[in-house]
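To start, the structure itself, in structure tokens.
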Amino acid sequence: MTTIAYNRGVIAYDGQSTWGSMICDSQYKKLKFIKNLAVFCSGSPSDLPHILGAIEKDQVTVTRDTHGFEGIAVDIKGRLLQYGIDKKGRLWKEEISVASPLAVGSGGAYAMGAMHFGATAIEAVEVACKLDIYSGGEISRWTIEEIAQVLEKQK
């Protein structure tokens, strides 16, 4: 899977992509821009086109097994959203306070622990990469302001 962490206006994520127990890529870009939304994705890369299509169309049900998709998104207004799929295959989203840290993916618990002890989003992903076998590689970061600017240009 991956680690995606948000803290104090910054979203960071690792670049590792795996296939089973094999590392396939260490610079995989987990940020996808769709419509008026930037989505940071964790889960199986083969599921992403299907899931992103459902998010873009604001569909409620995802008919395909999605292998643990979780995501953090930023909309054109700079709002932070969390996405997931429940056990019945329903896509859900929830607006999140920008004042609270959040982490998702297989290394999310490690990242949350680090942020609760003062780590930045980048430092939290670094911690997760040391502890989670499905997180690693290059760490990328975006601010909410940078994302909002890109989305504004795409209008």
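Data table
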quantity	calculated
Selection count where residues are surrounded by 15 or more Cβ atoms within 10 Å (Cβ to Cβ) and either touching a Pro at 6+ places or on another chain (Cβ under 6 Å) or at pLDDT below 90 (or both), scope the stretch 81-92	4
Of residues in the stretch 59-80 being part of a loop (DSSP other than H, G, I, E, B) and more than 23 Å from residue 17 (Cβ to Cβ), the one modelled with the lowest pLDDT	63
Of all residues making up the stretch 77-112, the number that are in contact with a strand residue (DSSP E or B) (Cβ under 9 Å, 6 or more places away or on another chain) and either under 15 Å from residue 12 (Cα atoms) or not charged (D, E, K, R) (or both)	25
Selection count, the stretch 2-29, where residues are assigned to a loop (DSSP other than H, G, I, E, B) and buried (at least 23 other Cβ atoms within 10 Å of the Cβ)	3
Residue within the stretch 37-58 that is under 19 Å from residue 146 (Cβ atoms) and not in a strand (DSSP E or B) present	no
Contacts under 7 angstrom Cβ, first residue in the stretch 41-68 being at positive phi, partner modelled with pLDDT of 75 or more and outside any helix (DSSP H, G or I), 6 or more apart	43/1; 43/69; 43/70; 67/43; 67/44; 68/1; 68/43
Criterion violated by residue 83 - all others in (1) of a type in the set (Ser, Thr, Tyr); (2) within 20 Å of residue 18 (Cβ to Cβ); (3) part of a strand (DSSP E or B) satisfied	(2)
Selection within the stretch 37-52 - loosely packed, with under 14 Cβ neighbours inside 10 Å and either polar (S, T, N, Q) or closer than 15 Å to residue 138 by Cα (or both)	46
Every residue from the stretch 128-151 that is assigned to a helix (DSSP H, G or I) and surrounded by fewer than 21 Cβ atoms within 10 Å (Cβ to Cβ)	130, 131, 144, 145, 146, 148, 149, 150, 151
Single match in 148, 114, 103, 121 (criterion: modelled with pLDDT of 95 or more and out of contact with any Phe, Trp or Tyr (no Cβ under 8 Å at 6 or more places or on another chain))	114
Number of positions in the stretch 41-58 that are at pLDDT 80 or above and among the hydroxyl-bearing types (Ser, Thr, Tyr)	1
The stretch 29-40, subset at pLDDT 90 or above and of a type outside the set (A, V, I, L, M), residue farthest from residue 109 (Cα to Cα)	33
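The values are calculated or read from the model by the stated rules, or taken from the named source; none is laboratory data. All figures in this text were calculated on a predicted structure; none of them were measured in a lab. Positions of Cβ are backbone-derived with ideal geometry, glycine not excepted, and every protein chain shown enters the neighbour counts.
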